[in-house]
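The values are calculated or read from the model by the stated rules, or taken from the named source; none is laboratory data. Predicted, not measured: the structure shown is a model, and the values here were computed from it. Because the Cβ atoms are built from the backbone with ideal geometry, glycine has one as well, and the counts that use them run over all protein chains shown.
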């Protein structure tokens, strides 16, 4: 293109990189990334997110982190897409504390976490069996003015039920209304199933009928 007097811009390069990534040609994608700088075109957040996402999807967290370092070195800001991808990858690797550190960095730098970020971390704690960390993190979210969604609460309630802490799960369920969060079919099914497993049939029936009154629609699992 340059030889024909038509200079490629950031949009052209980003499209090329995305195209190579879609067909799993990472060498060509990285080559195009390097060519950008030779052409005097500065990579932006979209460029980095495209490459980082592919590395994370392939389980190459360290390669992704190298790109993040390059991104920061060149003065390019991480957005919630970058952070969410990194937090998820670290949680999948079992490095939940590092993921939590990224969450704190995100807050410090003014990038507001969204429900996706919060749910990834909650699931990360659940995966390694740190229920207490879950509950502390939930309280911290509310304290910071972040409102967890029903997916967040469902993960916590499920984890509490799986570890035999049914009353704590019930208490968390009762707080949903206060937080303005509406329980869904998963919420009801999780608690009803746990009550039944623990032979707490009166509690299961009470919750079932209470749910029906407020619009809960049972499914095959129920």
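Scanning region 182-215 for residues that are assigned to a loop (DSSP other than H, G, I, E, B) and either without any contact (Cβ under 8 Å) to a residue 24 or more places away in the chain or surrounded by fewer than 20 Cβ atoms within 10 Å (Cβ to Cβ) (or both) yields 182, 184, 198, 199, 200, 214, 215. On inspection, residue 120 passes the criterion of being under 20 Å from the mean Cα position of the chain (by Cα) and under 30 Å from residue 110 (Cβ atoms).
Given the criterion at negative phi, at pLDDT below 90 and out of contact with any strand residue (DSSP E or B) (no Cβ under 9 Å at 6 or more places or on another chain), identify the matching residue among 203, 159. Walk me through how you get there before you give the answer.
On the way: 203 fails: at pLDDT below 90.
That would be 159, the only listed residue that is at negative phi, at pLDDT below 90 and out of contact with any strand residue (DSSP E or B) (no Cβ under 9 Å at 6 or more places or on another chain).
Working only within region 68-82, note down all residues that are part of a loop (DSSP other than H, G, I, E, B), surrounded by fewer than 17 Cβ atoms within 10 Å (Cβ to Cβ) and touching a residue at least 12 places away in the same chain (Cβ under 8 Å). Selection gives 74, 77, 79.
Condition check ((1) in a helix (DSSP H, G or I); (2) on the phi < 0 side of the Ramachandran plot; (3) surrounded by 19 or more Cβ atoms within 10 Å (Cβ to Cβ); (4) touching a helix residue (DSSP H, G or I) at 6+ places or on another chain (Cβ under 7 Å)) across all residues:
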{"position": "28", "(1), (2), (3), (4)": "yes, yes, no, yes"}
{"position": "31", "(1), (2), (3), (4)": "yes, yes, no, no"}
{"position": "40", "(1), (2), (3), (4)": "no, no, no, no"}
{"position": "66", "(1), (2), (3), (4)": "yes, yes, no, no"}
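For residue 164, all conditions in the list (1) buried (at least 17 other Cβ atoms within 10 Å of the Cβ); (2) outside any helix (DSSP H, G or I) hold save one; what is the number of the exception? In the conditions (1) buried (at least 17 other Cβ atoms within 10 Å of the Cβ); (2) outside any helix (DSSP H, G or I), residue 164 misses (1) alone. Checking 64, 95, 89 one by one, the residue that is farther than 18 Å from residue 45 by Cα and modelled with pLDDT of 90 or more is 89 and no other. All conditions but one from (1) surrounded by fewer than 17 Cβ atoms within 10 Å (Cβ to Cβ); (2) within 21 Å of residue 137 (Cα to Cα); (3) in contact with a helix residue (DSSP H, G or I) (Cβ under 6 Å, 6 or more places away or on another chain) apply to residue 110; the one that does not is (3).
Taking the listed residues 101, 85, the one that is on the phi < 0 side of the Ramachandran plot, assigned to a helix (DSSP H, G or I), surrounded by 13 or more Cβ atoms within 10 Å (Cβ to Cβ) and free of Cβ contacts under 8 Å to residues at least 12 places away in the same chain is 101, with no other qualifying.
Does residue 94 qualify as being within 21 Å of residue 24 (Cβ to Cβ) and touching a residue at least 12 places away in the same chain (Cβ under 8 Å)? Criteria not met by residue 94.
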